[in-house]
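Heads up: the structure comes next, in structure tokens.
The values are calculated or read from the model by the stated rules, or taken from the named source; none is laboratory data. Since we're looking at a predicted model, the values are computed, not measured. No Cβ is skipped: glycine too gets one built from the backbone with ideal geometry, and neighbour counts run over all protein chains shown.
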Amino acid sequence: MDLQEKAAKIKISVGKPVPLGTTVSKQGVNFCVQVDIVGKLELIIYKKGTAEIVRKIEFTDSMRFGKVYAMCVTGFDIRRFDYGYKLNGENIRDIYAKVINRKNSFGEKIENYIYSVYQDNFDWENDKKPDYDFSDMIIYRLHTRGFSMHKSSKVKKKGTYSGIVEKIPYFKEMGITTIELMPAYEFDETFSKTTDKNADLKSRATVYNNQQTSEERLNFFGYGQAHYFAPKSTFSVKGGLYVIDEFKNMVKTLHSNGIEVIMEFYFVKETSPQLVMDCLRYWVMEYHIDGIKINLDIADVKFIKSDPILWDIKIIGDRWDIISECEEYNPRYGEKRHIGVCHDGFMVTARRYIKSDENQVYDMVSRIKDNNEVGGIINYLGNHNSFTLMDTVSYERKHNEANGEGNNDGREYNYSWNCGIEGITKKRKVLELRKKQMKNAIALLFLSQGTPMIFSGDEMCHTRQGNNNPYCQDNELGYINWNKTKIGTEIFNFVKQMIDYRKKHKILHMVNEMKVMDYRATGCPDLSLHGVLPWRIDYHHVNRTFAMLYDERYTGFATGKIYIACNMYWENQEFNIPIGDKNTNWKVDIATSETDIEKIELINNRTLVVPPRSIVVLSIDKVSAESMTMNNNLKRNSGSRLIHF
């Protein structure tokens, strides 16, 4: 029997108006679609994998439930047929579609969306989510295609979910606990540059001038119109139905290696709350993802948080007050800390501090200690729509000419400093300074209480040549170059060192915010703040130094102390350490200014000489009784300066 005959024998009846999308049952396939305009609605049946129409079936009035049309089709062979919809003769989208039938070529414009019906048969085996608290997470944010598409990636299946799986040893070498995917659902890969400055895609991915044009632009990042329920077909090896199993296999394999998966969703304006909830539920149940990142101008965090299915799923938003909206968190009833905040606050402050801007000490200290028992604070140094870490120390202005917008797109000010020369240079002094500045930024990130997030490539000095918004660059400008330079290798090793150091010292990533008080009567606060003189931090606008002392006894399973001295002056600074005597042996653990930490000058365990524009971290395993007595006397003599914050 040929397809035409098989399609002719299909029987139809009134379907069920929920759930939206397609559902396979013993009775057949239920096609359920929402239509906002009254008119002639048709179900179009296509030959599998083609645009060949084998039958059209019109929905009747009896199949309409408000704005929803539902039809049950008996005899629809999902192995031989695909489907689509026409309204008044025009193709329309099924925004609840699970799979798009398309050629596996990124960047093509799709005029007619054709969909496949999916029936789940994936074996998750004993899949178990790693379930990290925010305090223990190291996030790595990546673009699925850009991450492994470059020829230097040494990945066989470049630009795909399988390519991410191939890089699992790399994640584990670094100490990554969580990967966050930029939009990896079926977004439109092209858009027409005809809308105004307030359009969704523009407000998120780029800023345009007022010129009106119909020029087609590539949407590499993925912000804009989308089929939110379907994993991105062009991010898979084969496309079609294969994409579903490939994505699920990626999640399952990452889980088995102790790595979580967070998905970013960008919902365009006028997206209904119902679609948002249905989408998030679907990905959590169907794909076992561990968390979601959402734009809170469309998605309401309190509404999402109230959903029982999403009760323990990490929900990350970009609005500053998201945590205060969710203060009903109550650990006595088993609720997990699963709300997270992710915005540019830390990035801007760290960039301004390391380039020695005035009046930054108070803000930098605040960012370092920022934490919340209700939700996680996520910090980063670079993102998709900003300079990379390398470009932050190499460029003072954006260079977005390649985007074809006359360098008018992207943020105007990046809080960057080129260290003396704009762009690429071979001058050794400039390169050494850039390397030190990157180490300073990395040290601040991993010594802060908030959850650190690395934007892919920053760990190996990836450059986008000063482009702070490569939203349309499906090329080497948008891909990660895995060929590490000498500086790139050193920065990569330093990132690994800092991640390892953070994991070994729980005091650096506590669940609760540090109280900056001696609330356990140990003789020392959990965290104390200092300047070049002990117990006297200086917040004057011209000051560029501060120090912090952590007492590891507040973790409950360690007895040591960690002293962090930050000097962003352009000359040496001597720090008097709050605790120390001849019986207290401070050890230099980290120094951003020197490869050989033995070159750091530590005088009589009391005075630390910190080189220009650098950070030094000391530690001791045990404090002598004599030193603690000295410490208590100093605190009494310093009075209120102890916790002056």
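For the stretch 102-117, check the following and say yes or no: at least one residue is touching a strand residue (DSSP E or B) at 6+ places or on another chain (Cβ under 8 Å), over 21 Å from VAL237 (Cβ atoms) and free of Cβ contacts under 8 Å to residues at least 60 places away in the same chain.
Yes.
Just to confirm my filter: which strands (runs of 3 or more DSSP E) fall fully inside the stretch 1-55 and include at least 1 residues that are under 38 Å from the mean Cα position of the chain (by Cα)?
Numbers: elements: 11-14, 21-25, 28-34, 41-47.
In the stretch 1-55, the matching strands (runs of 3 or more DSSP E) lie at 21-25, 28-34.
Among the numbered criteria (1) touching a strand residue (DSSP E or B) at 6+ places or on another chain (Cβ under 8 Å); (2) farther than 27 Å from LYS238 by Cα; (3) without any contact (Cβ under 8 Å) to a residue 12 or more places away in the chain, which one does GLU5 miss?
Condition not satisfied by GLU5: (1).
Quick check on the stretch 563-604: of everything there that is in contact with a Lys or Arg (Cβ under 7 Å, 6 or more places away or on another chain) and outside any strand (DSSP E or B), which residue is surrounded by the fewest Cβ atoms within 10 Å (Cβ to Cβ)?
Only one residue tops the list, namely TRP570.
Among the residues of the stretch 478-510, write down those that are within 15 Å of ARG553 (Cα to Cα) and part of a loop (DSSP other than H, G, I, E, B). Before you say what the answer is, go through the steps one by one.
Looking only at the stretch 478-510, we keep the residues that are within 15 Å of ARG553 (Cα to Cα), and these are 504-510.
Across the stretch 478-510, the qualifying residues are HIS505, HIS509, MET510.
For the stretch 72-88, how many residues meet the condition of being part of a strand (DSSP E or B), under 40 Å from the mean Cα position of the chain (by Cα) and touching a residue at least 40 places away in the same chain (Cβ under 8 Å)? Talk me through it step by step, then tell me what you get.
The initial filter retains those residues of the stretch 72-88 that are part of a strand (DSSP E or B), namely 72-74, 81-87.
Adding the requirement that they be under 40 Å from the mean Cα position of the chain (by Cα) leaves 81-87.
After this cut, where a residue has to be touching a residue at least 40 places away in the same chain (Cβ under 8 Å) as well, the list is 81, 83-87.
Summing the residues that are part of a strand (DSSP E or B), under 40 Å from the mean Cα position of the chain (by Cα) and touching a residue at least 40 places away in the same chain (Cβ under 8 Å) in the stretch 72-88 gives 6.
I'd like the full set of residues that are surrounded by 15 or more Cβ atoms within 10 Å (Cβ to Cβ) and either modelled with pLDDT under 95 or closer than 12 Å to ILE57 by Cβ (or both), limited to the stretch 1-27.
The answer is LEU3, LYS6, ALA7, ILE10, ILE12, GLY15.
Which of the residues spanning the stretch 462-509 are among the basic types (Lys, Arg), modelled with pLDDT of 95 or more and surrounded by fewer than 17 Cβ atoms within 10 Å (Cβ to Cβ)? Even if it seems obvious, please write down each step before you answer.
Taking the stretch 462-509 and keeping what is among the basic types (Lys, Arg), we get 464, 484, 486, 496, 502-504, 506.
Keeping just the survivors that are modelled with pLDDT of 95 or more gives 464, 496, 502-504, 506.
Once the filter is applied, which keeps residues that are among the basic types (Lys, Arg), modelled with pLDDT of 95 or more and surrounded by fewer than 17 Cβ atoms within 10 Å (Cβ to Cβ), the stretch 462-509 yields LYS496, LYS503, LYS504.
Among the numbered criteria (1) within 26 Å of MET182 (Cα to Cα); (2) of a type in the set (D, E, K, R); (3) in contact with a Phe, Trp or Tyr (Cβ under 9 Å, 6 or more places away or on another chain), which single criterion is violated by GLU476?
Status for GLU476: all satisfied but (3).
Please tell me if TYR161 is among the hydroxyl-bearing types (Ser, Thr, Tyr) and over 25 Å from the mean Cα position of the chain (by Cα).
Details: among the hydroxyl-bearing types (Ser, Thr, Tyr): yes; over 25 Å from the mean Cα position of the chain (by Cα): no.
No; evaluated as a whole, the condition is false for this residue.
If you take the residues of the stretch 279-304 that are closer than 14 Å to VAL341 by Cα and in a helix (DSSP H, G or I), which of them is farthest from the chain's Cα centre (by Cα)?
Among residues in the stretch 279-304 that are closer than 14 Å to VAL341 by Cα and in a helix (DSSP H, G or I), the one farthest from the chain's Cα centre (by Cα) is LYS302.
Just need a number here: residues in the stretch 390-417 that are more than 16 Å from VAL348 (Cα to Cα), among the acidic types (Asp, Glu) and surrounded by fewer than 22 Cβ atoms within 10 Å (Cβ to Cβ).
Here the count works out to 2.
Select from the stretch 388-403 the residues that are acidic (Asp, Glu), outside any loop (DSSP other than H, G, I, E, B) and over 19 Å from GLU459 (Cβ atoms) and list them in ascending order. Step through it out loud before you land on a result.
Narrowing the stretch 388-403 to residues acidic (Asp, Glu): 391, 396, 401.
Now narrow it down to the ones that are outside any loop (DSSP other than H, G, I, E, B): 391, 401.
Within the stretch 388-403, GLU401 is the sole residue that qualifies.
Please state which one of LYS561, LYS587 is in contact with a strand residue (DSSP E or B) (Cβ under 8 Å, 6 or more places away or on another chain) and touching a residue at least 60 places away in the same chain (Cβ under 8 Å).
On the way: LYS587 fails: touching a residue at least 60 places away in the same chain (Cβ under 8 Å).
Only one candidate qualifies: LYS561.
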